[in-house]
Amino acid sequence: MVNDFARQSGSAFRSIAMLGGALATAAAVAIGAVLAVFAAATVVVIAVMSSALLGLAGLALRARRSAAPKAEDGVIEARNLGGHHWVAYGWNDRP
C-alpha cells in the first residue's frame, strides 16, 4: 500500500520515504539493543543477589551447627507452686 503510493508519486518523495524508513528501522534496532542489554543486566543482578543470599544462608547454617553449647551459668531451675512456695530442680545434681 505504501509502496504503491510511493511508486505513483515522484522519485523525491520515494527517496525521502526510504530514508525515513531506514532511520525508523535503525532507531528500532538501537532501542531493541538497549532494552536487551538492560534485560541481561537485570538477570545478572538477580543472579548475583541470589548467590549472595545462598552464601549467607550457608554461612548461617554452618555457624548454627558449629556453635558450642551454652555453658552452665550457675542458676538452678525453680518453679512457683503458688504464693511463697517454690520447688527447685537440679540443685542436688550439681558438683
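The values are calculated or read from the model by the stated rules, or taken from the named source; none is laboratory data. Given the structure is predicted, the values throughout are model-derived calculations rather than measurements. All Cβ positions, glycine included, derive from the backbone under ideal geometry; neighbour counts span all protein chains shown.
Of all residue pairs spaced 6 or more apart or on separate chains, those with beta-carbon atoms under 7 Å, a first member in segment 3-30 that is at negative phi and a second member that is at pLDDT 75 or above are Ala6/Phe13; Ala6/Arg14; Ala6/Ala17. Looking at segment 85-92, is at least one residue surrounded by fewer than 10 Cβ atoms within 10 Å (Cβ to Cβ) and at pLDDT below 75? Checked against the condition, which is being surrounded by fewer than 10 Cβ atoms within 10 Å (Cβ to Cβ) and at pLDDT below 75, segment 85-92 yields at least one hit.
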